[in-house]
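The values are calculated or read from the model by the stated rules, or taken from the named source; none is laboratory data. Not measured: the values here are computed from a predicted model. Because the Cβ atoms are built from the backbone with ideal geometry, glycine has one as well, and the counts that use them run over all protein chains shown.
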């Protein structure tokens, strides 16, 4: 079978819920499922390097049959082997093609060259997009609320605040209408100037300050979305293109590297709030932040 030589064109960063494409590769998997690679898709996959946002739900349709998509992951090929969900290189590595692998239980009737329509469950997409948008907003608001706890100059986020989120995050999980982020506060962060000893006594204050900032941003109904770096292909946004989440907040435009899906405007939300939990970890503190996004 022919392996793709170019990245999949992806339309989900623009918010598309449907697309038409051509099957360029079919790969049977050890568990009996089949990875279906198209030249173009609106379906958002899981990125194994930073698997924060789950895959969309939906289906593939040909003129003859419908195929439920049970999962979708990023695949990578050097022209000899397609690695499904376990790429040995990072997305964008020269000499590799990065593709969306739509996983189906039964690919009977599918063939390379077939025309296929993709449809995405709109409610799941909306909920995950809301959760991802809220996650980015919450990270910026947390940076803002924690700024007084820094005693040394630290790398800044897009708003000029010490970037606690980037320096301390260990895992991030996008949930329907929310997210869960985990941070580790250890010796290295303390050496960078973060006053970890003060955090426990000020946790409620930090949470309240972050919620206040979030309420102000949501009230503006500011535009948000995904933009691509200008050096991408002109024939469409490709999976390996560098993309950034962009928000036009009152203090100015903020951008964060991101490969997920998002809302188009903060007017789609009625509120974003956070809940913080501080626990002891081996040789460190663990800070958990659960973000909740309420639809408008």
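For the range 7-18, does any single residue satisfy the condition of being surrounded by 19 or more Cβ atoms within 10 Å (Cβ to Cβ) and more than 24 Å from residue 256 (Cα to Cα)?
Taking every residue of the range 7-18 in turn, none turns out to be surrounded by 19 or more Cβ atoms within 10 Å (Cβ to Cβ) and more than 24 Å from residue 256 (Cα to Cα).
What do you reckon, is residue 134 outside any helix (DSSP H, G or I) and touching a strand residue (DSSP E or B) at 6+ places or on another chain (Cβ under 9 Å)?
no
Find all pairs meeting these conditions: Cβ atoms under 6 angstrom apart; at least six residues apart or on different chains; first residue within the range 193-215 and over 14 Å from residue 275 (Cα atoms); second residue loosely packed, with under 14 Cβ neighbours inside 10 Å.
193/151; 193/152; 195/151
The conditions are (1) touching a residue at least 24 places away in the same chain (Cβ under 8 Å); (2) under 25 Å from the mean Cα position of the chain (by Cα); (3) under 12 Å from residue 35 (Cβ atoms), and residue 54 fails exactly one of them. Which is it?
Only one criterion in (1) touching a residue at least 24 places away in the same chain (Cβ under 8 Å); (2) under 25 Å from the mean Cα position of the chain (by Cα); (3) under 12 Å from residue 35 (Cβ atoms) is unmet by residue 54, namely (3).
Which of the residues spanning the range 60-76 are outside any strand (DSSP E or B) and either free of Cβ contacts under 8 Å to residues at least 12 places away in the same chain or in contact with a strand residue (DSSP E or B) (Cβ under 7 Å, 6 or more places away or on another chain) (or both)?
62, 70
Residues in the range 276-293: is at least one crowded, with 18+ Cβ neighbours inside 10 Å, under 19 Å from the mean Cα position of the chain (by Cα) and more than 22 Å from residue 168 (Cα to Cα)?
yes
Within the range 256-289, track down each residue that is closer than 26 Å to residue 73 by Cβ and either in a strand (DSSP E or B) or outside the structural domain of residue 185 (by TED's automatic domain parsing) (or both).
Result: 256, 257.
Only residues that are assigned to a helix (DSSP H, G or I) and surrounded by fewer than 19 Cβ atoms within 10 Å (Cβ to Cβ): list them for the range 137-151, please.
147, 148, 149
Of these, 154, 127, which one is within 25 Å of residue 11 (Cβ to Cβ) and not in a strand (DSSP E or B)?
127
State whether the residues of the range 38-52 include one that is in the same structural domain as residue 98 (by TED's automatic domain parsing), in contact with a helix residue (DSSP H, G or I) (Cβ under 8 Å, 6 or more places away or on another chain) and outside any loop (DSSP other than H, G, I, E, B).
Yes - at least one qualifying residue is present in the range 38-52.
Could you grab me the full set of residues in the range 80-92 that are closer than 28 Å to residue 257 by Cα and in contact (Cβ under 8 Å) with a residue 60 or more places away in the chain?
Of everything in the range 80-92, those that are closer than 28 Å to residue 257 by Cα and in contact (Cβ under 8 Å) with a residue 60 or more places away in the chain turn out to be 82, 91, 92.
When residues of the range 1-26 are filtered for being in a strand (DSSP E or B) and under 20 Å from residue 57 (Cα atoms), how many remain?
Residues flagged as in a strand (DSSP E or B) and under 20 Å from residue 57 (Cα atoms) within the range 1-26 amount to 9.
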